[in-house]
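Chemist: To start, I am sharing the structure in question, which I have written as structure tokens.
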Amino acid sequence: MGRKKVTSSDVAAASGVSQATVSMILNRRENVSFSRETVEKVEAAARELGYQVPKRKMRRESNGNKLIVVFCPTLTNPYYVMLLHGIEEVAKEKNYGVFVCNTQRDLKIEENYLRMMKSVRPRGIIYTCNPSRSCKEKVDELASEIPLVIINNREELLEIDAVELNNAKPGRLMARHLLELGHRHVAFVSPPLTSKQGQRLKRVEGFVREFKEAGYGDGVIVKSADEDLDEVIPSMDSEYKMGYYLTKELLRENKNLTAIVGMNDMIAFGIMDAVLESKLRIPADISVVGCDNTVYSSFRSISLTTIDHYVPLKGRDACDIILRKIQSLRESQDGNEPLSTYHVEYEPKLIVRRSTSYARTEKLKNK
């Protein structure tokens, strides 16, 4: 059997630094600096292991390979459809095609697609999933070879270009709005809160923290779906059903709730239907809040108070970063183009509609 090829990940493990750091040092990237000790440690590990820096292949410009790949965890939530719309608008302007890899929140599917990228060789990759630990190394490796942007939470994968959202902020905005309206007994309805879904946890934590700081932490109930639901291929109404059935349970178990929040708009729609089916009024009896400001939330018959974090613009920015990176590669003749890392963050905004109002006084007396 032939000797196993040494990879940059092997060098990273041997030198005790990240794979992205190895790539930047060995490729002699400009505009970044590391300590002499780190550089020498990486170079020594590379020599000892016999690692060869791969030469970047200059590809001929043609419409045939003007392809951008988008990794997407599901297409059943309008949030991801809005992201794709923003991406495709910019790609179309520059005559690029967009290919969507729908991972269906399945780790094996995600890993499969990642392995395919070296043979597909797209011009760029936009990653809208939150990479698991098992995928992170592969994502780092791809980012050193192909322009790659992640749309994710702030403070994660900071060595890769990212369009970000601090997910604690939407949670805090939701909580602050309800506190100002006098709500003291509230619930937060969420999909499974597992360790690999850090973005969900941050939103819930932001919400709970705001209530705790106001002195009403004991009045918050977090109701999340069972973890195994993340292993099931999502259907178009999966999140709606989560909101609906979890709210039914909440209303049976807690008679003093004055507001219920959904992790996103789709869950909030399920919450609203469960509340109305229980012969309660929105917002007179129960206020409801969502997140994402999807088009359905503005419909007059729904009028959902929600959080806008400018989803289509995130898609546009991610694609724009990819195109800038592609242009930089095209203009570089030796593969040692200056390194620039983009981090774009949007501030979320509360959109108040008719699904929220002041908490009922008689319910607050139960506090």
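The values are calculated or read from the model by the stated rules, or taken from the named source; none is laboratory data. Computed from a prediction, not measured in an experiment: that's the story for all the values here. Counting neighbours? That spans all protein chains shown, and the Cβs are built from the backbone with ideal geometry, glycine included. Heads up: the accessible areas ignore ligands, DNA and RNA and are worked out on the full protein's heavy atoms, side chains in. Shrake-Rupley method; radii C 1.70, N 1.55, O 1.52, S 1.80 Å.
Chemist: Going down the list Lys66/Lys118; Lys241/Lys314; Lys108/Lys223; Lys41/Lys118; Lys92/Lys325, which pairs span over 21 Å between their C-alpha atoms?
Modeler: Checking Cα-Cα distances, Lys241/Lys314; Lys108/Lys223; Lys41/Lys118 exceed 21 Å.
Chemist: Sort 41-48, 214-221 for me by packing, meaning the mean count of neighbouring Cβ atoms within 10 Å per residue, highest on top.
Modeler: The peptides rank, most packed first, as 41-48, 214-221.
Chemist: Order these peptides, 294-307, 109-122, by their mean beta-carbon neighbour count within 10 angstrom, highest first.
Modeler: Going from most to least packed, we get 294-307, 109-122.
Chemist: Could you check the spin-label model distance between Arg121 and Gln52? Points 7 Å from the Cα along Cα→Cβ, value in nm.
Modeler: 1.7 nm
Chemist: How much length would be gained if the chain were fully extended between Arg209 and Ser328, taking 0.36 nm per residue of separation minus their Cα-Cα distance, in nm to one decimal?
Modeler: Using 0.36 nm per residue and subtracting the Cα-Cα distance, I get 38.5 nm.
Chemist: Roll a 1.4 Å probe over the protein chains and send me the accessible area per residue for region 197-288 in Å².
Modeler: 47 Å²
Chemist: Per-residue counts of other Cβ atoms within 10 Å, averaged by peptide: what ranking do you get for 269-281, 309-321, highest first?
Modeler: 309-321, 269-281
Chemist: Could I ask something else about it? Tell me, what is the per residue accessible area of region 79-124 in Å², probe radius 1.4 Å?
Modeler: Ligands and nucleic acids excluded, the result is 54 Å² per residue.
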